[in-house]
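I have placed the structure first, in the form of structure tokens, so that the comments after it can refer back to it.
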Amino acid sequence: MRLCTAACLALSAVGLSPATALAGPWPVPEGEVFAVNTLTFHRADNGDDGRGLSSGDGTLTRWEYSPYIEYGLTDTITLGANPRFQHVEQETGQGDNTTTGFGDLDLFARTVAWRDDYSILAFQGLVKVPTGYDKDANPALGNGQVDLDPRVLFGHGFSLGSWPSFAEVQLGYRYRFGDPSDEVRVDTTIGTNPTDDIMVMLQTFNIVGISNETNNGSDFDLYKVQFSGVYDVTPNVALQLGGYSEVAGRNINLGEALFTAVWLRF
């Protein structure tokens, strides 16, 4: 599961680092499965912290288990799903509210449009559907509406000195049916292998609302920076540990998180 050198990134999907498959442009080989089982603890303090627009008092904490699964339908077409099971607690001066259940489900398909010895271009379509939304729950799990997210993905393999490395960028437009505002989404990743069995990744996830909401629907911006390390236990199993910080935003309370994950390829 170690990252291929730049020259072999496009020559063969076999042996690519799982990071290049995790929501990236590289396909999963035909008939194979790539899965990332992630447990995340997220905390956000309501109120003005000087970085985003405040809204309310108290603290929001969320435990989330989210298996991310990709299947190689062909050597150029990858299908995937990302369900979420959440335990969310909202602590306020008036008491604590807790909700546990399934959150939104992402389903997607990705196809390779072009590739050469170093680079790859892919297109992906994603649909987000609510699976556990309850309008009477406080806090609610998701928004209770469908999203569509077409996007373009570009990846490039290179060497950072003697370290095999890769970079990728994704540009998407999220159509949010119902009241919430549509969003422009830009995600970036850079990863490198300082040793054969260790990979480190620096990622950003950026959401910009375009302010076309209706009936007081949500409209926000969010900018998140994430760092993680991945250790190959065996050729088909890896362990990941990392964290992220929501460093800036608009109309949203910002938080931080720690996460751990088990990566599997079979």
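The values are calculated or read from the model by the stated rules, or taken from the named source; none is laboratory data. Note that the structure is predicted; figures quoted are calculated from it, not measured. Backbone-built Cβ (ideal geometry, glycine too); neighbour counts: all protein chains shown.
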Tell me, which residue of the stretch 147-203 that is among the acidic types (Asp, Glu) and not in a strand (DSSP E or B) is farthest from Val230 (Cα to Cα)? Asp179
Does the stretch 238-266 hold any residues that are touching a residue at least 60 places away in the same chain (Cβ under 8 Å) and more than 22 Å from Asn46 (Cα to Cα), and which are they? Ala238, Gln240, Thr260, Ala261, Val262, Trp263, Leu264, Arg265, Phe266
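I want to confirm something. Restricting to the stretch 110-128 and keeping residues that are of a type in the set (S, T, N, Q) and under 30 Å from Gly142 (Cα atoms), which single residue is farthest from the chain's Cα centre (by Cα)?
To start, the set of residues in the stretch 110-128 that are of a type in the set (S, T, N, Q) comprises 111, 119, 124.
Next, only the ones that are under 30 Å from Gly142 (Cα atoms) stay: 111, 124.
Numbers: Thr111: 18, Gln124: 14 Å.
Residue satisfying both the conditions and the ranking: Thr111.
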Failed condition for Ala137, given (1) hydrophobic (A, V, I, L, M, F, W, C); (2) surrounded by 15 or more Cβ atoms within 10 Å (Cβ to Cβ); (3) assigned to a strand (DSSP E or B): (3)
If we scan the stretch 124-133, do we find a residue that is in contact with a Phe, Trp or Tyr (Cβ under 6 Å, 6 or more places away or on another chain), of a type in the set (A, V, I, L, M), surrounded by 16 or more Cβ atoms within 10 Å (Cβ to Cβ) and touching a residue at least 24 places away in the same chain (Cβ under 8 Å)? yes
Kindly establish whether Arg84 is within 19 Å of Ala35 (Cβ to Cβ), at pLDDT 95 or above and among the basic types (Lys, Arg). yes
Any residue at all in the stretch 179-196 that's at pLDDT 95 or above, touching a helix residue (DSSP H, G or I) at 6+ places or on another chain (Cβ under 9 Å), surrounded by 14 or more Cβ atoms within 10 Å (Cβ to Cβ) and within 21 Å of Gly155 (Cβ to Cβ)? yes
Tell me whether the stretch 111-132 contains one or more residues that are assigned to a loop (DSSP other than H, G, I, E, B), modelled with pLDDT under 95 and within 18 Å of Arg176 (Cα to Cα). yes
The stretch 100-109: number of residues that are under 15 Å from the mean Cα position of the chain (by Cα) and farther than 17 Å from Leu73 by Cα: 4
Go through the stretch 157-186 and count every residue that is more than 20 Å from Arg84 (Cβ to Cβ), in contact with a Phe, Trp or Tyr (Cβ under 9 Å, 6 or more places away or on another chain), free of Cβ contacts under 8 Å to residues at least 40 places away in the same chain and of a type outside the set (Gly, Ala, Ser). 5
Every residue in the stretch 140-155 that is more than 25 Å from Tyr118 (Cβ to Cβ), crowded, with 20+ Cβ neighbours inside 10 Å and modelled with pLDDT of 95 or more, please. Asp147
Please verify whether the stretch 209-222 includes one or more residues that are modelled with pLDDT under 95 and surrounded by 14 or more Cβ atoms within 10 Å (Cβ to Cβ). yes
Do you know which residues across the stretch 157-183 are closer than 19 Å to Arg110 by Cβ and within 19 Å of the chain's Cα centre (by Cα)? Phe166, Ala167, Glu168, Val169, Gln170, Leu171, Gly172, Tyr173, Arg174, Tyr175
